[in-house]
Amino acid sequence: MNFHKFQRVSISFKSGVLFFLTILYLFYIPLTTQAALLYAGSAYQNIYAGQVFTVEWHLNTENAGINTLALKLNFSPETLEVLEVAPMPGSPFTLWVKAPTYFNQAGTVEFTGGIPGGLQSPDIAVLRTVFLAKSEGSAKISMDASSAALDNQGTGNELPLSFQALNFLIMPDEA
């Protein structure tokens, strides 16, 4: 076999491998991408100025296994004040890199927690926040873009994390 034939076979083999890897990437990788959904499990209710109310946060892993959740929630500090934040009873988050904390002046609630061995579930109890409706007006609770869920595949890949902001109106005191 002369050198030129060997070079053509080598180039052809490399092209074939590259083509195969491209096809694998285009069709297999999108099918394996998972997401997680954070949602408020509390019933919708009328909120009045001066009222204390609780919001319970849950996570749907949408068929992905997760082992870490770094969560930052933003809220309207003009109309809302956090009185308490704590893991929900029965929450699988037992390893705390950053325990649940809140900062009323900044309008944030934050925590980073881990689940030993990971978990995949449509309803993971995460966190309970107790709010005071300080005054009437518009209020909003949203998830900060820095929030992340990490997969339980051993790679530490970040999963897309979605959340629909809670927008509500605090009505004047009933009294």
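Read-outs throughout are calculated quantities, based only on the coordinates presented, and are distinct from any laboratory measurement. All values derive from a computational prediction rather than experimental measurement. Positions of Cβ are backbone-derived with ideal geometry, glycine not excepted, and every protein chain shown enters the neighbour counts.
Just a few scattered comments:
- Fully extending the segment from residue 78 to residue 121 would add 11.9 nm, taking 0.36 nm per residue of separation and subtracting the current Cα-Cα distance.
- Within region 53-143, the proportion of Cα pairs with more than 23 Å between them is 25 percent.
- Cα pair distances exceeding 21 angstrom across region 100-175, given as percent: 43
- Residue-count net charge about residue 143 - beta-carbon cut-off 13 Å; Lys, Arg +1, Asp, Glu -1: 0
- Electrostatic tally near residue 120: other residues with Cβ closer than 15 Å to its Cβ, Lys and Arg +1, Asp and Glu -1, net -3.
- Gain on full extension, evaluated as 0.36 nm per residue between residue 95 and residue 62 minus their Cα-Cα distance, stands at 9.7 nm.
- Semi-axis lengths (Å, descending) of the ellipsoid that matches the C-alpha gyration tensor of region 132-175: 37, 9, 7
- Charge sum, other residues only, whose C-beta stays under 13 Å from residue 39's C-beta, Lys/Arg counted +1 and Asp/Glu -1: -3
- Part-to-part distance (alpha-carbon centres) for region 41-120 and region 134-149, which is given in Å: 11
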